[in-house]
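Inspection log for the structure reproduced underneath, given as structure tokens.
The values are calculated or read from the model by the stated rules, or taken from the named source; none is laboratory data. Just so you know, these numbers come straight off a predicted model, no measurement behind them. A quick note on method: Cβ atoms are made from the backbone with ideal geometry, for glycine too, and the neighbour counts reach across all protein chains shown. Note: areas computed on protein heavy atoms with side chains; ligands, DNA, RNA excluded. Shrake-Rupley method; radii C 1.70, N 1.55, O 1.52, S 1.80 Å.
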Amino acid sequence: MATSELIEALQALAHEKKIDEFYLIERLEESLANSYQRILNLDWDARVTIDRSSGKIYVYELVPVGDPDPETGEYSEFTERDVTPDDVSRIAAMSAKSVISSIVRDAGRQSIYQEFSQRVGDLVTGTVLQGTPDFTIIKIRDGIEAELPHFDTEKYPNERNERPFGERYRHNQRLKVLIIEVRDPLSASPRQRGDLARPTIVVSRTHPDLIRRLFEIEVPEIYEGLVEIKSIAREPGIRSKVAVSSREGNLDPVGACVGPKGSRVRMVVEELHNERVDVIQWSEDPAVYVANALSPARISHVTVDTERQYATVLVPDDQLSLAIGKEGQNARLAARLTGWHIDIKSASYEPTPEIQADDLLIDVPSDEAGDFCAYIGEDGFPCRNHARPNSRYCGIHAHMEAQENTDTTGETSNK
């Protein structure tokens, strides 16, 4: 390959892969320097320069000058000796084929990182390309792919599961996903399993902000800032709660999010593959906020302890199961949404009064002494059970009466 043809090929490749041309040439120079040092069997390091206009390649050996540093043993000054071989272009072409693919891959990943590292938290639409047991590859646009991981976190605790419960994807299916991470290819952090074969961009379908971005698309009032999403609690694929408030006194935030006949929230639910979404009114009053968060259950009364962030909720008997939800789901989501610990009790609940130590020491009048068991425990507390008819003891301590009779009989016979 002629030198000019090499430059033309690099330029075409850089344009196709959307990589900076000069960055690609610099990386090739570094790789060729290592190759020429080995091929020419040089005693010292090599440096390769590729003319940016003509494509001509020059190879130099970096020969040290002077004495090495007495502490480190390294040289600080070098002189360049031209060792360019006659067949430099042929050797360059052969070496380039083995290293250019890795250069293009690394450069492409770095280009993607520079573009998308500032877009973490953005909602993007992609097309499913292929799926594996551990992750799904999603095409964001030509040449840009993202990874939607759904690893078994018990088997791989350092990996993620960003796929909601029950979701499965088919080829060419369009999905809205949230960018949650863009891996830096130059990072010194430990590589993940199969990192080189996995896309740089990581997306999620379970992150709570996915719901936030979907509502921003469907509800103009949220996008314009008239309605604010205060908090989101989510169990991906099953159910979510969204607390909203209005910055306009005459604007109903819940109605704005639900839309005419539920059209707006229905679009969000469809995108979430029929995940249930409850939109509730946020309030500065913790008691009102907690009551709203337990919707659709009707709440009778809420008592709050602001110091402990503890709320005791009283509900009608027929609303108890609805307030708690299946397997405690409604109460659990309400607690996450509000940040309060919530204790739910039915209206018919009557707490058992706490027994105080003084209550156990009861003075029994002498004329009623036979009404209670005469047994006194080792701790000094009398038994609170009633005695059996014609007996000083209850059924539990009846053996004490037999023992007393035995002791009395024994004393009489000794006399």
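With a simple spin-label model that places each label point 7 Å from the Cα along the Cα-to-Cβ direction, the separation between Asp43 and Asp82 comes to 2.1 nm. Computed over neighbours whose Cβ is under 14 Å from that of Ala233, the net charge equals +4, Lys and Arg +1, Asp and Glu -1. Over segment 259-354, accessible surface divided per residue gives 58 Å², non-protein components excluded, 1.4 Å probe. Our Cα-only numbers for segment 239-317 put the radius of gyration and Dmax at 14.5, 41 Å.
Ligands, DNA and RNA left out, the 1.4 Å accessible surface of segment 235-360 is 50% carbon and sulfur atoms. Multiplying the residue separation of Met267 and His341 by 0.36 nm and removing their Cα-Cα distance gives an extension gain of 23.4 nm.
Using alpha carbons only, the radius of gyration of segment 130-247 set against its Kirkwood radius gives Rg/Rh = 1.01. Full extension of the chain between Arg141 and Arg52 gives 28.9 nm of extra length, using 0.36 nm per residue less the Cα-Cα distance. Taking the Cβ-Cβ separation of Thr303 and Arg388 as r and a Förster radius of 56 Å, what is the calculated FRET efficiency to the nearest 0.05? Efficiency at R0 = 56 Å is approximately 0.80. Note on Asp106/Lys176: beta-carbon distance plugged into 1/(1 + (r/R0)^6) with R0 of 45 Å gives a FRET efficiency of 0.90. Residue ranges 143-149, 68-74 sort as 143-149, 68-74 when ordered by packing (mean number of other C-beta atoms within 10 Å per residue, highest first).
3J(HN,Hα) along segment 216-229, derived from phi through the Karplus expression 6.51 cos²θ - 1.76 cosθ + 1.60 where θ = phi - 60°, amounts to 4, 6, 7, 10, x, 5, 6, 4, 7, x, 6, 10, 10, 7 Hz, with x in place of Gly and Pro.
Site pair Glu30 and Glu115 shows an inter-label distance of 2.2 nm when each label is modelled 7 Å from Cα along Cα→Cβ.
In plain terms, the chain from Thr153 to Glu5 could stretch by 48.3 nm, reckoned as 0.36 nm per residue minus the Cα-Cα distance.
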